[in-house]
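Data first, discussion second: the structure below is written as structure tokens.
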């Protein structure tokens, strides 16, 4: 098993090197290579393909191993002053935009494509999030305007947690009623606020510990415990582990640095998490391609095309509607934010967590994978041209 991961890592690093030489976003290249490895009969890789395409392997590695590292790294490095200056559009996109996307996708999937109510709600939740792994990788490669990048990064981190909560609620919702809607709203508030509390407490404790220590090895080890511990504690208490990690990372990266983290420790910690995030990203996108190759897409063509169009429509409607309340966001930015709403590994990991006995699981799998691949291979590769076309610096 360790050999499999070493081989996958070697392939991933090699592909990233080629992508960098060609000055292209590496996630796209990795997904394409993963698809080719999964489809083509390549000698010596059959066992690796079988192992990597297993649902439990993908779900476990993404949710339990990679996600905390990626979220922690991104939150740790977000400049809090820039984040604060852009809090209005970030909050509008993360909450208003995410809810609108969820409602529009669910409504249209139910009435136009005849999914059951629960299937439509689950798919709406899966498509409501912009995946931080995909968004951060591709937007960083483009080197966009700093404030625009902060808005997109902030949205991808915050709405991730919101969408996971919506997904968990949709998974146990069979009938919508006034009482059920109120209960779901209370559950949402509990899960989000609980995640903030756990991450906040963990972040403050870790920050004060680092202020008493001047050893970057110990402090990096502490950040490792913080990110994985915050996620695990959040999930243990049935609140948002994603929001716990993001909150903990933001506090350690700002408050922790201000009260005593040395410049050397800050530099070493950023370098460490940068390496971890890079390796995690590389493996995730390769696994996405391998996983997609194992899904049955037969007899689902029109439903898949319909779902892609609905998701795009919902994303544009949600972005333009939510940002209508902020007059300081240029129209050109709205175009980029809407088209840059990429889906990724989190959506795949969530749908794989649905039990095989769930009615319509295979259809939801096919539509989710198709939307992820479309966003990475079409939206991800054309985003740079859109940026140039609309005149965003």
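Side notes on the structure shown:
- Filtered residue count, region 125-153, keeping only those that are more than 19 Å from residue 80 (Cβ to Cβ), more than 10 Å from the chain's Cα centre (by Cα) and crowded, with 24+ Cβ neighbours inside 10 Å: 6
Residues are listed down the side, and each one gets a yes or a no for (1) within 12 Å of residue 75 (Cβ to Cβ); (2) at pLDDT below 90; (3) in a helix (DSSP H, G or I):
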site: 248; (1), (2), (3): yes, no, yes
site: 257; (1), (2), (3): no, yes, yes
site: 267; (1), (2), (3): no, no, yes
site: 271; (1), (2), (3): no, no, yes
site: 282; (1), (2), (3): no, yes, yes
site: 287; (1), (2), (3): no, yes, yes
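- Residue 156 vs. criteria under 19 Å from residue 334 (Cβ atoms), part of a helix (DSSP H, G or I), within 18 Å of the chain's Cα centre (by Cα) and free of Cβ contacts under 8 Å to residues at least 24 places away in the same chain: no
- Those residues of region 79-103 which are touching a helix residue (DSSP H, G or I) at 6+ places or on another chain (Cβ under 7 Å) and closer than 15 Å to residue 341 by Cα, in sequence order: 89, 90, 92, 93, 94, 95, 96, 97, 98, 100, 101, 102
Residue by residue, here is whether (1) more than 17 Å from residue 137 (Cβ to Cβ); (2) in contact with a strand residue (DSSP E or B) (Cβ under 8 Å, 6 or more places away or on another chain); (3) in contact (Cβ under 8 Å) with a residue 60 or more places away in the chain; (4) in a helix (DSSP H, G or I) holds:
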| residue | (1), (2), (3), (4) |
| --- | --- |
| 329 | yes, no, yes, no |
| 341 | no, no, yes, no |
| 364 | yes, no, yes, yes |
| 379 | no, no, no, yes |
| 387 | no, no, yes, yes |
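Conditions (1) buried (at least 20 other Cβ atoms within 10 Å of the Cβ); (2) in contact with a strand residue (DSSP E or B) (Cβ under 8 Å, 6 or more places away or on another chain); (3) without any contact (Cβ under 8 Å) to a residue 60 or more places away in the chain, marked per residue:
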| residue | (1), (2), (3) |
| --- | --- |
| 2 | no, no, yes |
| 9 | no, no, no |
| 12 | yes, no, no |
| 18 | no, no, yes |
| 28 | yes, no, no |
| 32 | no, no, no |
| 35 | no, no, no |
| 46 | no, no, yes |
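- Any hit, region 216-236, residues being touching a residue at least 40 places away in the same chain (Cβ under 8 Å) and not in a helix (DSSP H, G or I): no
- Meets criteria (at pLDDT below 90, crowded, with 19+ Cβ neighbours inside 10 Å and either part of a helix (DSSP H, G or I) or touching a strand residue (DSSP E or B) at 6+ places or on another chain (Cβ under 7 Å) (or both)) for residue 323: no
The values are calculated or read from the model by the stated rules, or taken from the named source; none is laboratory data. Small disclaimer: the values here were computed from a predicted structure and weren't measured. Glycine gets a Cβ as well: all are built from the backbone with ideal geometry, and neighbour counts include every protein chain shown.
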